[in-house]
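Here the structure comes first, spelled out in structure tokens, and everything after it is commentary.
The values are calculated or read from the model by the stated rules, or taken from the named source; none is laboratory data. Because the structure is predicted, anything quoted here is derived from the model rather than measured. Here the Cβ positions follow ideal geometry from the backbone for every residue, glycine too, while neighbour counts run over all protein chains shown.
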Amino acid sequence: MQIKNIFKRNQNGFKNNFGHVLVIAGSYNMPGAGVLCANSAITSGAGLVTIAFPKSAYPVIAKNIKPEIMLLPLEEKNGTFSKSAQNKILKFIEKRKITSVAIGCGTGKSSSVKNLILSIIKKFDIYVTIDADGLNSLEGKQKNSIIKEFKNSKSKIIVTPHPKEFERISGVKYKEDKNYRKEITKTFAENNDIICLLKGHKTVVSDGKKVYVNTTGNAGMATAGSGDVLTGIISAFACIENKDLLLKVSTAVYVHGLAGDFAAKEKSQVSMTASDIIGNIFKAIKKITK
């Protein structure tokens with residue numbers, strides 16, 4: 001798989017050519033998840049990044065977000081997005097011509113997050129990466145009918161479950177076997193016409209036709225916020241002007257792991273944090289492009 005060429009940029013381009021990522025993330029209890037995702041997206045080459053979040057998280061997010069990122073604080077109910085906030089998000093996606101959405105990091109599990117996901121994928125022909133509580137919000141008695149909405153969506157959907165999340169959204173029992181991991185990831189992606197990324201040691205990525213197994217990363221990346229960083233990288237790489245989405249997502253996974261390897265070398269696997277992964281994304285991309 002040749003990946004270095006996807007980073008070539010049009011020298012006459014401007015920020016809108018490199019995509020506008022909308023990160024829908026964070027909550028009063030988990031504001032840092034949105035910060036990590038958005039900071040990762042801007043560091044990974046998105047031309048523009050906006051973070052939409054419940055307004056009670058504003059003090060923490062405003063203090064820790066990179067200054068290049070735009071803020072969209074919104075009305076909330078019970079600690080998550082209210083109905084009026086959902087409507088504003090849909091209007092914002094349309095008005096600002098959003099290229100890529102990342103949803104679920106630190107939002108909390110709720111019906112409002114589920115409804116927002118379904119509204120976005122039914123209405124917009126964009127990239128949508130669903131992670132963490134975005135996936136958890138799709139659980140419940142109507143789970144199967146909700147997942148079936150993926151196949152009828154306008155959006156190009158990427159899901160990023162860890163093993164337990166995969167069990168909950170797919171109904172398939174997980175077991176730690178490399179061939180089985182590849183099989184269930186490919187089948188779930190094929191059945192739902194999505195890209196599925198099954199996290200873990202040697203993360204598996206499939207579009208239902210091809211399967212890639214990642215070779216970068218280390219045990220130090222099993223730390224809070226690492227998945228939020230990965231979601232940010234994916235949402236930014238989705239904006240790259242290359243039609244091969246599987247290539248872009250697989251590259252994001254590779255870069256995430258490689259940045260983690262640089263972080264471990266600098267800080268050790270014990271002491272590295274998710275923020276250290278973000279701080280080494282540039283090294284990973286530089287190594288690839290050489």
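Quick notes on this one:
- Pairs, first on the phi > 0 side of the Ramachandran plot and buried (at least 16 other Cβ atoms within 10 Å of the Cβ) in the range 115-126, second of a type outside the set (Phe, Trp, Tyr) and modelled with pLDDT under 95, C-beta under 7 Å, six or more apart: none
- Evaluation of residue 12 against (1) part of a loop (DSSP other than H, G, I, E, B); (2) touching a strand residue (DSSP E or B) at 6+ places or on another chain (Cβ under 8 Å); (3) polar (S, T, N, Q) (one fails), failing number: (2)
- The single condition among (1) part of a helix (DSSP H, G or I); (2) surrounded by 15 or more Cβ atoms within 10 Å (Cβ to Cβ); (3) touching a Phe, Trp or Tyr at 6+ places or on another chain (Cβ under 7 Å) that residue 167 does not satisfy is (2).
- Test for residue 100: is it among the small types (Gly, Ala, Ser) and modelled with pLDDT of 95 or more: yes
- Positions within the range 144-164 being surrounded by 15 or more Cβ atoms within 10 Å (Cβ to Cβ), out of contact with any strand residue (DSSP E or B) (no Cβ under 7 Å at 6 or more places or on another chain) and either within 24 Å of residue 94 (Cα to Cα) or at pLDDT below 95 (or both), in sequence order: 146, 147, 149, 153
- Meets criteria (hydrophobic (A, V, I, L, M, F, W, C) and over 16 Å from the mean Cα position of the chain (by Cα)) for residue 222: yes
- First in the range 52-70 and within 22 Å of residue 113 (Cβ to Cβ), second anywhere and aromatic (Phe, Trp, Tyr), Cβ under 7 Å, 6 or more apart: 54/28; 54/81; 56/28; 57/28; 61/53
- When residues of the range 192-210 are limited to those that are in contact (Cβ under 8 Å) with a residue 40 or more places away in the chain and more than 17 Å from the chain's Cα centre (by Cα), the one surrounded by the most Cβ atoms within 10 Å (Cβ to Cβ): 192
- Residues (outside any loop (DSSP other than H, G, I, E, B) and closer than 19 Å to residue 244 by Cα) located in the range 15-40: 17, 18, 20, 21
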